[in-house]
Amino acid sequence: LVAEGLLRAEDRRGTFVAEFRDGVRGAEGLVRGATVGVVGTLHARDEGAGNHRLWGDTITGAIERTVTGEGGRLRFVDRWSEGGELRPLPPILDQFRREGVASVALVGDVEPPSETVPLLRDAGLPFVLVGAGIRAPAANAVLCDGRASGHLAASHLLALGCRKLVFAAPFLADWIEERIEGVRQAVADAGLPASALRLVPREPEPYARLVDRTRQIYRMPGLALGREILAGRGRPAIVTVNDLTAFGILEAARELGKVAGRDFALIGFDDDPRARFEDLSTLRPPLEAMGREAGRLLLAMAGGGGVPAQVHLQPDLLPRGSTRGFVP
């Protein structure tokens, strides 16, 4: 299959499967000279806006380099206006169609695929979703594998000798549930009972309900969770939904006179720029690789060829002081 060009596999980076038909194509069956569209969310309004920009900029840049490397052109539109209003998707797609855009990537969108995928299909343009925690099995997608992320984070703590884990989740969303599933699987793979994982709070509220009340959806809930988890005498091993929540837990630790890596273990997700300064262990999503895969898929679909593909990429573990050397 590799020799015939139908299958390409990269070590630790998932598998890409594609089938190509007619058209003017370059290396790996990619359409040369195509114009592709990217719809991003760089001006998001919530507390995670910085990560939206980081993810969107890095992924879009990698898409653009892949497309222009094949003689193509990228057309980019931000769904968030500078005034903070979310632009509706159909007019953007209509504009793309008038401009001769051949295929579209939706990068890091704030709406669930159940809402965006029908709009993309109605527009009649081939499309790919790019991000984390996307559950759209019938759509083309390039993802940072949420289950693999959770499994890797938990396995890191278990390898330190931790036998009880805490997952701090201020709210629930698809991408968080995938990470929890990965943590649960790692606990099971280690031969530990399900009770070895404790979810805090026990019943997190849905993301939509929380974000309606406040844009401070990570730090303040993380601070509250940190105060709760670290209040006792134990030495908990904590997995958080992301680095922003972990920063709130670190703030609570400072209030209580506790130090990550000495009194408790803590690991986040996303490798937020601040994580390095906080010496926070985290998992970095393969943003460049996600962009390259999305760019290849966009060019493969530009001539009407290709079949639905799901590309799942694993993050990179970055162990830092918040876990390294921790003794349970």
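Run down LEU244, LEU250, LEU287 and say which single residue is modelled with pLDDT under 95, in contact with a Ser or Thr (Cβ under 9 Å, 6 or more places away or on another chain) and more than 19 Å from CYS162 (Cα to Cα).
Checking each option against the conditions leaves just LEU287.
Look at the stretch 182-199 and say how many of its residues are over 22 Å from VAL130 (Cα atoms), in contact with a His (Cβ under 7 Å, 6 or more places away or on another chain) and not aliphatic (A, V, I, L, M).
Selection size over the stretch 182-199: 1.
Output the residues belonging to the stretch 142-199 that are within 15 Å of the chain's Cα centre (by Cα) and at positive phi.
none
With the structure loaded, tell me whether GLY226 is of a type outside the set (A, V, I, L, M), more than 18 Å from LEU317 (Cα to Cα), part of a helix (DSSP H, G or I) and not assigned by TED's automatic domain parsing to the domain that holds ALA132 or whether it fails that test.
Yes; evaluated as a whole, the condition is true for this residue.
Name the residue that is farthest from GLY40 (Cα to Cα), counting only residues in the stretch 60-90 that are in a helix (DSSP H, G or I) and free of Cβ contacts under 8 Å to residues at least 40 places away in the same chain.
This residue is GLY69.
Looking at ALA300, ALA309, which is the one that is assigned by TED's automatic domain parsing to the domain that holds THR60, buried (at least 24 other Cβ atoms within 10 Å of the Cβ) and out of contact with any Lys or Arg (no Cβ under 7 Å at 6 or more places or on another chain)?
Answer to the check: ALA300.
Of all residues being closer than 15 Å to ASN140 by Cβ and touching a residue at least 60 places away in the same chain (Cβ under 8 Å) in the stretch 98-125, which is surrounded by the fewest Cβ atoms within 10 Å (Cβ to Cβ)? Just the residue, please.
LEU125
Can you name the number of the only condition in (1) part of a helix (DSSP H, G or I); (2) surrounded by 15 or more Cβ atoms within 10 Å (Cβ to Cβ); (3) free of Cβ contacts under 8 Å to residues at least 40 places away in the same chain that LEU244 fails?
So LEU244 meets the others, but not (3).
Do we have any residue at all in the stretch 130-146 that's touching a strand residue (DSSP E or B) at 6+ places or on another chain (Cβ under 7 Å), acidic (Asp, Glu) and outside any helix (DSSP H, G or I)?
Scanning the stretch 130-146 turns up at least one residue that is touching a strand residue (DSSP E or B) at 6+ places or on another chain (Cβ under 7 Å), acidic (Asp, Glu) and outside any helix (DSSP H, G or I).
Quick one: LEU199 ticks every box in (1) closer than 18 Å to PRO319 by Cα; (2) without any contact (Cβ under 8 Å) to a residue 40 or more places away in the chain; (3) not aromatic (Phe, Trp, Tyr) except a single one, so which number is it?
Single failed check for LEU199: (1).
Working only within the stretch 91-126, note down all residues that are assigned to a helix (DSSP H, G or I) and among the β-branched types (Val, Ile, Thr).
ILE92, THR116, VAL117
Only one of ARG227, ARG179, ARG202, ARG213 is more than 22 Å from GLY131 (Cα to Cα) and at pLDDT 90 or above; which?
ARG227
Could you check the stretch 79-97 and list, in sequence order, the residues that are within 24 Å of the chain's Cα centre (by Cα), charged (D, E, K, R) and surrounded by fewer than 18 Cβ atoms within 10 Å (Cβ to Cβ)?
Those that are within 24 Å of the chain's Cα centre (by Cα), charged (D, E, K, R) and surrounded by fewer than 18 Cβ atoms within 10 Å (Cβ to Cβ): GLU82, GLU85, ARG87.
Can you tell me how many residues in the stretch 126-149 are surrounded by fewer than 19 Cβ atoms within 10 Å (Cβ to Cβ) and in contact (Cβ under 8 Å) with a residue 60 or more places away in the chain?
Within the stretch 126-149, residues that are surrounded by fewer than 19 Cβ atoms within 10 Å (Cβ to Cβ) and in contact (Cβ under 8 Å) with a residue 60 or more places away in the chain number 2.
Only residues that are surrounded by 18 or more Cβ atoms within 10 Å (Cβ to Cβ) and out of contact with any strand residue (DSSP E or B) (no Cβ under 6 Å at 6 or more places or on another chain): list them for the stretch 64-73, please.
Hits for the stretch 64-73 are THR66, GLU70, GLY72.
The values are calculated or read from the model by the stated rules, or taken from the named source; none is laboratory data. Bear in mind the structure is a predicted one, so any value in this text is a computation, not a measurement. Every residue, glycine as well, gets a Cβ built from its backbone with ideal geometry; the counts of neighbours run over all protein chains shown.
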